Amino acid sequence: MKNSFLHHVLKFKSSLSSLLGVGGSLWLVLSFIFILSTCKEPEVPTVVVIKNDETYSPAKVRPVLEEWQHKTFNYFWDGASPCGLALEGNDRNDGGVVTIGGSGFGLMAIIVGSERGWITRTQAAERTQKIVRFLGQAERFKGVWSHWYTPDGLSTPFGDQVKAGDLVETSFMIAGLLTSSEYYTANSTVETEIRDSVASFWNTINWKFYAGTGTGLNWIWYSQENRLAFQFGGWNEAWICYIMALAAPSPHNISSDIYTQGWLNNNGIYNINRSDYGYLLPLGEDKGGPLFFAHYSFLGLDPRKIEDQYVNYWKQNVAHTMINRNYCLVEAPATYKYDENNWGLTACSGAKLPAWNYLARSPLNDDGVIAPTAALSSYPYTPFYSTQVLLQLAKNILAQGTYGFADAYCPQTSTSEKKELAIDEGPIVVMMENYRSGLIWNLMMKNEHVKAGLLLAGVKVQPDYQEGFNLAVTNTVTHEFDMMRHPDREVFELNYIVSSAGNTTFKITNSSNVLIMDTILNATSGENTFAFKSSKILNGKQYTIKMKTPNGREYPLIVRLR
């Protein structure tokens, strides 16, 4: 622009020179030089482009979740025994020993595979038919299956358990079978056979026998010695065993007294005022114990809908998971190299020398070994934190196995146990699905036997959730509730309770108190879901969601949206 202006000035000066003479011309030139020196090009406004962080966007998370859920499912499909059941582990040289409890988890995983389209429903039904036929001809002990079997249906020793019934493994299997009976409801020959077989098993398992003359259920019956052993009670992974035993048909069921004395320890199981890291933890050992306590019984039992006189089981399981994670990030030795992408303590094989031993690892029993199943099977409880682990594992070849992820790895030594176990892989497939769709929870929770058992255990018809955000558990370190968009439905989802139906207002403000969203929903009395998204939301930033109910009460929640 300056060059163009100077061109016209010089041309004008040449024209005037002949009129004004040398002196006038000099004055004119100096004047224009002064004017020119004060001219500036117009300023172009700076445009600041803020790029939104899409690390945890549905487009990034969904394909990884789908890939690894599918790979893990294949443990129970491509990696299964020819008899249909799941192998105990995929590294064993023992003639293909199959496992009962892990195969119960596998039955649920097969349903997931069918619904996800990885196999057809016909394939799923035919594989399940093969499994129930195996179970029907396998050796049983008062109707109870052993822990392990050979592929021809003979009980094979598990430790000192020779020709022994394993009641807890059987409860995991019957949970899978009852779920299957709710899924395979067609009138075809195959699906009818599945339902009839499940009914036959249900009517012939003698749970009461395993209580003996004592005050609780026994884990094992050594048939050759006619000896019951290992009476057990809560809190641990075997709550489902007592639920099934309560609901069983007479005369095979247990009494409520056996439940109260055996499982509840005459209510001594409850520690209602205890907290760890600021999370109330009414059940289990200090800091919660291994995470499989929050998984095995809850593959089918939906903790969101379970509450007894003292405990809401959703809050119990979320607290347990958050305590486990918090220990790993805050309290564990720094040399273990745990972080937000590497956490989760539960039962697994060792993954470092000198001791490659199988242990029930927990905050009170930690040697630096992480099991991928710990965080991944906690997906419904901590979806964002579990996704952080998943995305890291998907890039960590050390922690990957033939089907899904390895049994264990050690960040400190960069070593891993590559073998995989059915009881690790099954919960990953199922709990990922319960987060994504609630599939297995919905199937099992509508079963009449399961509903009866829960009622007999003192579980309320529905939890007494108070008004507010009933499922949100705030991180006690950050004082925020971390949320990410659901990978399939592509929106943020927040459950809430209102005591009366009507217009409910939601306002979302950022950390500068600038209003981002203001919307009104017509809520029903009870539980609802606030599903939302907005182009104004900057992922990874803190926001406040404030709900105003029809009765005028307000409930704020500080969140970090991903």
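The values are calculated or read from the model by the stated rules, or taken from the named source; none is laboratory data. Computed from a predicted model, the values in this text were never measured in an experiment. Virtual Cβ from ideal backbone geometry, glycine too; neighbours counted across all protein chains shown.
Hey, any hits in the range 282-289 for a residue that's within 23 Å of His479 (Cα to Cα), in a loop (DSSP other than H, G, I, E, B) and modelled with pLDDT of 95 or more? Let's see the steps before the verdict.
Within the range 282-289, the first condition is being within 23 Å of His479 (Cα to Cα), and the residues that meet it are 282, 286-288.
Adding the requirement that they be in a loop (DSSP other than H, G, I, E, B) leaves 282.
Among the residues that remain, those that are also modelled with pLDDT of 95 or more are: 282.
Yes, the range 282-289 has at least one match.
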I'd like to check something: does the range 190-199 contain any residue that is out of contact with any Phe, Trp or Tyr (no Cβ under 8 Å at 6 or more places or on another chain), of a type in the set (Asp, Glu) and under 20 Å from His252 (Cβ atoms)?
yes
Note on Thr72: of the conditions (1) under 18 Å from Glu420 (Cβ atoms); (2) part of a loop (DSSP other than H, G, I, E, B); (3) out of contact with any Leu (no Cβ under 8 Å at 6 or more places or on another chain), unmet is (2)
Take Gln309 and tell me if it is touching a residue at least 24 places away in the same chain (Cβ under 8 Å) and surrounded by fewer than 16 Cβ atoms within 10 Å (Cβ to Cβ).
yes
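Scan the range 516-562 for residues that are free of Cβ contacts under 8 Å to residues at least 12 places away in the same chain and either more than 17 Å from Thr504 (Cα to Cα) or buried (at least 18 other Cβ atoms within 10 Å of the Cβ) (or both) and jot them down.
Of all residues in the range 516-562, those free of Cβ contacts under 8 Å to residues at least 12 places away in the same chain come to 535, 552, 554.
Residue satisfying the conditions is Ser535 alone.
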One residue from Asn324, Asn365, Asn357, Asn342 being out of contact with any strand residue (DSSP E or B) (no Cβ under 9 Å at 6 or more places or on another chain), among the polar types (S, T, N, Q) and either under 23 Å from Gly438 (Cβ atoms) or assigned by TED's automatic domain parsing to the domain that holds Tyr409 (or both):
Asn357
The condition from (1) part of a loop (DSSP other than H, G, I, E, B); (2) touching a residue at least 40 places away in the same chain (Cβ under 8 Å) that Lys395 misses is numbered (2)
Considering every residue within the range 71-91, establish whether at least one is out of contact with any helix residue (DSSP H, G or I) (no Cβ under 6 Å at 6 or more places or on another chain), surrounded by 24 or more Cβ atoms within 10 Å (Cβ to Cβ) and either among the small types (Gly, Ala, Ser) or assigned by TED's automatic domain parsing to the domain that holds Val168 (or both).
yes
Only residues that are surrounded by fewer than 17 Cβ atoms within 10 Å (Cβ to Cβ) and at positive phi: list them for the range 262-306, please.
Asn265, Asn266, Asn267, Gly278
I need a count of the residues in the range 412-438 that are of a type in the set (Asp, Glu) and in a helix (DSSP H, G or I).
3
Look at Asn317 and say whether it is polar (S, T, N, Q), assigned by TED's automatic domain parsing to the domain that holds Cys241 and not in a loop (DSSP other than H, G, I, E, B).
yes
Answer yes or no as to whether Tyr385 is under 26 Å from Pro63 (Cα atoms) and outside any loop (DSSP other than H, G, I, E, B).
yes
Of the residues in the range 256-282 that are under 30 Å from Ala332 (Cα atoms) and of a type in the set (Gly, Ala, Ser), the one that is farthest from the chain's Cα centre (by Cα) is Gly268
Failed item in (1) within 30 Å of Tyr327 (Cα to Cα); (2) β-branched (Val, Ile, Thr); (3) surrounded by 15 or more Cβ atoms within 10 Å (Cβ to Cβ), with Ile497 passing the rest:
(1)
Quick one: which residue in Glu425, Glu420 is in the same structural domain as Phe298 (by TED's automatic domain parsing), among the charged types (D, E, K, R), within 15 Å of the chain's Cα centre (by Cα) and buried (at least 18 other Cβ atoms within 10 Å of the Cβ)?
Glu425
The condition from (1) part of a strand (DSSP E or B); (2) within 20 Å of Val61 (Cβ to Cβ) that Ser535 misses is numbered (1)
Within the range 51-69, can you find the residues that are free of Cβ contacts under 8 Å to residues at least 24 places away in the same chain and in a loop (DSSP other than H, G, I, E, B)?
Lys51
